[in-house]
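All remarks here apply to the structure that follows.
The values are calculated or read from the model by the stated rules, or taken from the named source; none is laboratory data. Computed from a prediction, not measured in an experiment: that's the story for all the values here. Ideal geometry is used to build each Cβ from the backbone, glycine not excepted, and the neighbour counts take in all protein chains shown. Keep in mind that these areas ignore ligands, DNA and RNA; they rest on the heavy atoms of the full protein, side chains included. Shrake-Rupley method; radii C 1.70, N 1.55, O 1.52, S 1.80 Å.
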Amino acid sequence: MRRLLLTLCALAATGAMAAAPASAKELIYGSWLGTNNKTNTDALVPYFDMVKEATNGEIEWKMVGGAQLANGPATPEAVGSNLMDAGLVMAPYQPRMLPATNLVFSQSLVGDDYLASVGAMNELLMLDCPECQAEFKKNDAAGFIGYGTTPYMFLCRGEVKTVEDLKGLKIRGSGGGVNIIEIAGGTPVSMPPSDATSALERGTLDCVLGSVAWLTSFGYIDVVDSVIQSPMGMGGPPIMMYVNRDVWESMTPEQRQAHIDHAPDLVTLETFDAQIATDDAAIAKAKEKGITFVEGNDEFAAIMKERDEVQYGINADNARNAGVKDPERILDAYLKAYDKWKALVKDEIGNDREKFREALWREVYSKVDPESL
């Protein structure tokens, strides 16, 4: 009887060991966005939970927000040197390290077809920009999953209503926004959006060219007086999963695949919950606070028309000078993808988040081999 009990106990212990993760690996994700920023709380953290479940707890990402480990410009080097295991990367902050990705960021997509822009950014990043993937690898990282912001607008101190009012103002911008600011007669200033809050408050910055969601996510709502509601281009993609290469390669094929399987979920969460929903809430809160929303007129549309007429050549030349061998091929693939996704949104997706997620999987992530990243 005693031997039988010992045998049963041994079998139970063996079963428990088999059910538990073989070796749980805790990985650190450093975000320079505020701890409570919706990209962190409503997109990345739920995605990390999905990856944890899909890997039976073997991969567990821990979010460290608020630039505690590295700010935006320092993130690529911090990841490459393994100060942190992964982070959020913006190519315009490090254009010499990431010239091909910065080329994509510099091309302003005209209009307000936001879902199409996000689809196009992900398709290009994952399927049609081997130069982007090569530069991630060169910098000791693997990069995947991009997002886009809703159409940029001018968010300003004081009463700014016309293009004439923008002339001579110091305006924060990045990527294609720099040239848009120049065309409008402003002076572009490069800085992370998180740093612009205090600059607006001190008066060393007059406006930000950015998403209306930034009113609440970066606290501009307390220092901005007017918003010009005219779409001034869509740019991206910020790379949501920029992972240290040794960390990525130390994962099993199944663990890497889990990250790709749930990529459409992360893009959808970011698009609908961290961008669109935040936009709507920010506009409502800003109007309650008394911020003036000005309808953009033909003068603002003319700025984007001029931008679109010159940007292809400017961006291609800048990228070539930065070492990108065939920038026209990348730009052509990007614009082709944008046209394709505009048709998908019009004919199939509409504003349906599940149809958007399904299209991202079908058109992009089902075709991604995580072993090739």
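Its residues counted as N, the chain yields a C-alpha radius of gyration over 2.2 N^0.38 Å of 1.07. Calculated on C-alpha atoms, the gyration radius of the range 82-171 divided by its Kirkwood radius gives an Rg/Rh of 1.07. Taking only the alpha-carbon positions of the range 186-243 and ignoring solvent, what does the Debye formula give for the base-10 log of I(q)/I(0) at q = 0.13 Å⁻¹? For the range 186-243 at q = 0.13 Å⁻¹, log10 I(q)/I(0) is -0.37.
Only protein atoms count toward the accessible area here, which uses a 1.4 Å probe; on the chain, the carbon and sulfur part of that area reaches 51 percent.
Relative to the longest principal axis of the Cα atoms of the chain, helix 193-202 runs at roughly 40 degrees.
With q set to 0.13, 0.16, 0.18, 0.19 Å⁻¹, the log10 of I(q)/I(0) for the range 21-161, from the Debye formula over equal scatterers at the Cα positions, is -0.67, -0.99, -1.21, -1.31. Rolling a 1.4 Å probe over the protein heavy atoms gives the chain an accessible area of 42 Å² per residue. For the range 98-121, backbone nitrogen atoms closer than 13 Å to the point 7 Å from GLU309 Cα along Cα-to-C-beta are found at no residue.
Only Cα pairs under 8 Å and 6+ residues apart enter the sum, and on that basis the relative contact order of the range 217-373 stands at 42 percent. Look at the dipole of the chain built from charges on Cβ: of ALA302, GLY176, THR271, the Cα furthest out on the positive end belongs to THR271.
What whole number of Å gives the distance from the Cα centroid of the range 212-241 to the Cα centroid of the range 287-366? Comparing the Cα centres of the range 287-366 and the range 212-241, I get a distance of 16 Å. Net length available on complete extension from GLU159 to LYS355 is 66.5 nm, with 0.36 nm assigned per residue and the Cα-Cα distance removed. With respect to the chain, whose longest principal axis is taken over its alpha-carbon atoms, helix 353-363 is tilted by about 80°. Between MET63 and GLU201, full extension at 0.36 nm per residue minus the direct alpha carbon distance yields a gain of 46.8 nm. Taken one residue at a time, the phi angles of the range 100-117 give Karplus couplings (6.51, -1.76, 1.60, θ = phi - 60°) of 5, 5, 5, 4, 4, 4, 7, 7, 6, 7, 7, x, 10, 7, 4, 4, 5, 5 Hz. Gly and Pro are set to x. Projecting the Cα atoms of MET191, TYR312, LEU103 onto the charge dipole of the chain, computed from C-beta unit charges around the Cα centre, puts MET191 farthest toward the positive end. Across the chain, the mean sequence separation of Cα contacts (distance under 8 Å, 6 or more residues apart), normalised by length, yields a relative contact order of 24 percent.
Simple point charges give the picture: +1 on the Cβ of Lys and Arg, -1 on the Cβ of Asp and Glu, and for the range 230-281 a dipole about the Cα centre of about 200 debye. With all projection directions averaged, the alpha carbon convex hull of the range 149-297 covers 9.8 nm². Evaluated with a Cβ-only charge set (Lys, Arg +1; Asp, Glu -1), the range 225-338 carries a dipole of roughly 220 debye about its Cα centre, given to the nearest 20. Highest GNM mean-square fluctuation among MET241, MET126, MET251, for the chain modelled with Cα contacts below 10 Å: MET251.
Given charges of +1 on the Cβ of Lys and Arg and -1 on the Cβ of Asp and Glu, with all other atoms neutral, how large is the dipole of the chain about its Cα centre, in debye to the nearest 20?
860
Hull volume per residue, based on the alpha-carbon atoms of the range 212-364 and their convex hull, is 180 Å³. Label positions at ASN36 and ARG362, each projected 7 Å from the Cα along the C-beta direction, are separated by 4.0 nm.
Beyond 22 Å, what share of the Cα-Cα pairs of the range 261-333 remains, rounded to the nearest whole percent?
61
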